[in-house]
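To start, the structure under review is shown below, and the notes come after it.
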Amino acid sequence: MLPTHRSGRLLLPVSMVFVWFSMVLAVILSCIPVGRFLAMPDFVALVLAFWCVREPHRIGMGAGFILGLTVDVVIGSVMGQHATAYVLLAWAAIANARRLLWFSPAVQSLYMVPMFFMVQLVMLLLRMASGGRFPGWEYFFTCFTTAVLWLPVYYLLLLPQMRPIDRDENRPL
């Protein structure tokens, strides 16, 4: 049985301004020209999956569609390729959100590998259906590098929500 993740910290409510800022920053990071580096993490998929797991009632498939179309336009890929993949990712992350929150962030990253693999597979199939060529098996390295980044991004995106631990010497609890 996998260990459960328990934390004594209470989180403040998330600011939607911060959520959308992190998504815009992920789109900007995805525009970095990397040349032929095939293992570049999919920052938009990572941030979208994180917020779909943490805030499933606020961020969902609509956000995935908007982010996907934005990435399609910015990168210049097949229109709807990222949008379709991100909608499916949002659906899968929301469907598994309650289960994922029981595990530690490291175990969550293992559970996210198949979801990120699905994103890469959907984008590849749509690209090939529109006449593209198979880029090679190295194309799927992206799902592993994205999953490796789950742990630092988890703590980085939760940082603004963490309430400082205040110790009151006069209060026993």
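Nothing in this text is a laboratory measurement; each read-out follows from the coordinates by a stated rule. Quick caveat, the model's predicted, so the values are computed rather than measured. Quick reminder, even Gly has a Cβ in these numbers, built from the backbone with ideal geometry, and neighbours come from all protein chains shown.
Points worth noting:
- Whole-Hz ³J(HN,Hα) from phi, Karplus 6.51 cos²θ - 1.76 cosθ + 1.60, for region 96-101, glycine and proline x: 9, 4, 5, 6, 5, 5
- Footprinting exposure proxy for Tyr154, Tyr86 (fewest neighbouring C-beta atoms within 10 Å first): Tyr154, Tyr86
- The chain: angle of helix 43-54 to the longest principal axis, Cα-based, in degrees nearest 10: 40 degrees
- Taking the chain as a Gaussian network of alpha-carbon nodes connected by springs under 10 Å, the highest mean-square fluctuation of the residues Leu101, Leu156, Leu25 belongs to Leu156.
- A cut-off of 5 Å between modelled amide H atoms, ignoring neighbours fewer than 5 places along the same chain, links Met162 with Leu12.
- Within a Gaussian network of the chain (alpha carbon springs, distance under 10 Å), most fluctuating of Ala45, Ala129, Ala85: Ala129
- For Cys143, Cys52, Cys31, order by how many other beta-carbon atoms lie within 10 Å, fewest first: Cys31, Cys143, Cys52
- Amide H contacts of Phe103: His5, each under 5 Å away and 5 or more positions distant or on a separate chain (H built 1.01 Å from N in the peptide plane; Pro and chain starts excluded).
- Max mean-square fluctuation residue, GNM over the chain, Cα-Cα springs under 10 Å, options Leu100, Leu11, Leu124: Leu11
- Angle in degrees between helix 105-129 and the longest Cα principal axis of the chain, rounded to the nearest 10: 20 degrees
- Charge dipole of region 1-159 about the Cα centre (unit charges at C-beta), most positive-ward option of Ala83, Phe140, Ser15: Ser15
- Computed over the chain: relative contact order in percent, which uses C-alpha pairs under 8 Å that are six or more apart: 30 percent
- For the chain, the Cβ-based charge dipole about the Cα centre amounts to some 240 debye (Lys, Arg positive; Asp, Glu negative; other atoms uncharged).
- For region 147-153, backbone phi angles converted through the Karplus equation (6.51, -1.76, 1.60; θ = phi - 60°) give residue-by-residue couplings of 5, 5, 6, 4, 5, x, 5 Hz, Gly and Pro being listed as x.
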